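Right, one structure below, let's go through it.
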Amino acid sequence: MDSMTGYEANAKRGGASGEIAVRRSLTAGLAERGRDVDVATSDREFDELCPPRGRTCDKYDALVLDAWTWAAPGWKAKLNLVGREGRVFLLDFFGAEAPRRNGIAVPPDRILTAYPTFPGNTFLGFFYDAPPATTTVINKKKLLGVVWGKDPKYYAGKEKVLRAVARVAPLHSTLKTPPIGLVGVPNITFHGHLTKEKWSALLSEAKFVLGLGDPLLGPSALDAVAHGSTYVDPDYPKLVKQRYGSQHPYLRQVLGGEPYVCAAKLDDPDSYVRCATRALQGPPLKSLILPDFTKPAYMARLDKIFFRDQLGPSTSGIR
């Protein structure tokens, strides 16, 4: 079974970090409610904590896995889970339609998503501890932008966009080295992987954050507005996953557009430059945490999912 350790290692190599935010919030929330949480770092450790045979696994009131780790080789349900479906929750970042998973039936309302975007599933999400101090964010703002994307593949085909925006403002990227198409391009700084604190400091200085189309629905768009930066949200030429018209439609829907979200056309440099210019010329924005992603709102959802409806007075969890 993959774990927090696996997700964090993958994120440092450029992989998605949204799952980390979901798992960290879940672990912290359960701990705050006084629940013990055992985290399995491998299939072997999962079997040790929750043996396929016997009653040892019955001590857990909730078994929380993800869209991959519920399965044994051959994409068959782990024997540990069969007969315990009433305790199984699946973390599926984007959501899923099919409640049956090759031998284990999980109701769609126990598939937990990062955003309220998939009908029939349950929105769990994640939370921000506290917004950055508004006065601090405003005072730190500089005329620069941040490129969202830790993996070089996200930059492929976006060179014209980035060259165009770099002509109107300095850009900062978390890639370690420039992709081939951006070697020698002035006004773009490549930092490599940043710690959470350094990432926050960079966003506090930025007037805008550029989405490049991937990763879909990542938390960096929420990070941007939380630090008073305009998020430039690219529209897709056709729906992705038959559902999503832009990189972060949830944020755009909730905030309704500018000044916090500016719509651009994917692969259209002029539309990106327009958004960047508006952000540069606009007044400093206050830090903004979406209501659904405050800690009180998150804890209310957690209670409804795991405690009032599902679990007894004393519980343990496993991921």
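The values are calculated or read from the model by the stated rules, or taken from the named source; none is laboratory data. Since the model is a prediction, treat every value here as computed from it, not as a measurement. Neighbour counts run over all protein chains shown; Cβ positions are idealised from the backbone, glycine included.
Taking segment 207-238 as the range and being charged (D, E, K, R) and in contact (Cβ under 8 Å) with a residue 40 or more places away in the chain as the test, the residues that pass are K207, D214. The set of residues in segment 245-264 that are in contact (Cβ under 8 Å) with a residue 40 or more places away in the chain, in contact with a helix residue (DSSP H, G or I) (Cβ under 9 Å, 6 or more places away or on another chain) and over 21 Å from V168 (Cβ atoms) contains only Y250. Evaluated against (1) at pLDDT 95 or above; (2) more than 20 Å from D223 (Cβ to Cβ), Y155 falls short on exactly one condition, (2).
Just wondering, is there one or more residues in segment 239-246 that are touching a Pro at 6+ places or on another chain (Cβ under 9 Å) and surrounded by fewer than 16 Cβ atoms within 10 Å (Cβ to Cβ)? Checking segment 239-246: at least one residue is touching a Pro at 6+ places or on another chain (Cβ under 9 Å) and surrounded by fewer than 16 Cβ atoms within 10 Å (Cβ to Cβ).
When R278 is tested against (1) under 23 Å from Y128 (Cβ atoms); (2) at pLDDT 95 or above, exactly one condition is not met: (1). Scanning segment 207-249 for residues that are in a strand (DSSP E or B) and among the acidic types (D, E) yields D233, D235.
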